[in-house]
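The block underneath contains the structure these notes are about, expressed in structure tokens.
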Amino acid sequence: QVQLVQSGAEVKKPGASVKVSCRASGFQLTAYYVHWVRQAPGQGLQWMGWINPTNGDTKFAQNFQGRVTLTRDTSITTALFELNSLRSDDTAIYYCARGGSGQTDLWGQGTLVTVSA
Amino acid sequence: DIQMTQSPSSMSASLGDTVTITCRATQGIREYLAWFQQRPGKAPKSLIYAASRLQSGVPSKFSGSGSGTDFTLTISSLQTEDFATYYCQQYKDYPYTFGGGTKVEI
């Protein structure tokens, strides 16, 4: 079955880092860009950046430049997202999505990240 | 950043209705526009890209149009599963930005 499978929910303290994984199932991750989008509770969608798993190229929204790291694992089946210096307003559901450098066609199920002291 | 404004923010409709949602960009984005459907508690689902092209598997009851700054999503013959929140997104310029969403309620 073609899908993106994300890692489970996380609870982190302010100032900590969080890593979220996004595994491709039923297709080759290297054929697509992987975008990351977040959604705060009851809010809309916010694009954060993308990675090209083939060569590791990345692009970030300026708001997150320096705080977000996008990588892929050596088998290039999984995309990895890391957010540093967590704040309470980073509490959100984080989604990965595959696509080209622009549009996306398939989204993961989402990973809830809660930042709380 | 390009701001995307959707209207209305919410709407009520009945089964079998046809509804239209509009999305306006603060600057021209040609046809670099996508539409998504999000049901409660679920991930967004891609419906349309390049303003009017249906994603594979999306029923033809969904249609998109527009170019430049003004876009529309039309949903015909509303069924129970169509009651959801719909978002537009521009991917012409970074950062890619989404509209605030339109909630379609029964």
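Peptides B:93-101, B:63-71, ordered by how many other C-beta atoms sit within 10 Å of their residues on average, highest first, read B:93-101, B:63-71.
How large is the convex hull of the C-alpha atoms of the protein assembly as shown per residue, in Å³?
Numbers: hull volume 25.8 nm³, N = 223.
Convex hull of Cα atoms, per residue: 116 Å³.
Legend: mean number of C-beta atoms from other chains within 10 angstrom of residue C-beta atoms, peptide A:32-44, equals 2. Comparing A:17, A:58, A:81 along the charge dipole axis of the range A:1-86, the residue lying farthest to the positive side is A:17, per the Cβ-charge model. Straight-line cross-link reach from residue B:92 at under 29 Å between alpha-carbon atoms covers these lysines, not counting any fewer than eight positions away in the same chain: A:19, A:59, B:42, B:45, B:61, B:103. Taking other C-beta atoms within 10 angstrom as a stand-in for reagent exposure, B:35, A:47 fall in the order A:47, B:35, fewest first.
Placing +1 on the Cβ of every Lys and Arg and -1 on the Cβ of every Asp and Glu, with no other charges, gives chain B a dipole of roughly 180 debye about its Cα centre.
If contacts are Cα pairs under 8 angstrom and at least 6 residues apart, what is the relative contact order of the range A:1-76 in percent? Reported relative contact order: 21 percent. The Cα center of the range A:21-49 and the Cα center of the range B:53-106 differ in position by 18 Å. When only Cα pairs below 8 angstrom with a gap of at least 6 residues are kept, the range A:39-117 shows a relative contact order of 24 percent. Inter-label distance, residue B:77 to residue B:60: 1.0 nm, where each label sits 7 Å from its Cα along the C-beta direction. For chain B, the relative contact order works out to 39 percent when only alpha carbon pairs closer than 8 Å and six or more residues apart are counted. The shape of chain B can be summarised by an equivalent ellipsoid whose semi-axes, obtained from the alpha carbon gyration tensor, come to 22, 14, 13 Å from longest to shortest. The peptide list A:36-42, A:95-101, put in order of mean Cβ contacts within 10 Å with the highest first, becomes A:95-101, A:36-42.
Placing pseudo-labels 7 Å out from each Cα toward the beta carbon at residue A:30 and residue A:1 gives an inter-label distance of 2.7 nm.
Give the percent of DSSP beta bridges with both residues in the protein assembly as shown that are antiparallel, rounded to the nearest 5. Please report the intermediate quantities before stating the final value.
Numbers: 68 of 74 bridges.
Bridges in the protein assembly as shown that DSSP calls antiparallel: roughly 90 percent.
Averaged over peptide B:28-35, the number of partner chain Cβ atoms lying within 10 Å of each residue's Cβ comes to 1.
One chain, two ends: residue B:103 and residue B:7. Fully extended at 0.36 nm per residue, the span grows by 33.6 nm beyond their Cα-Cα distance.
Readers should treat all values here as calculations from the given coordinates under stated rules, not as data from a laboratory. Keep in mind that this is a model prediction, so the values were computed, not measured. In this analysis, Cβ positions are derived from the backbone assuming ideal geometry, glycine residues included, and neighbour counts consider all displayed protein chains.
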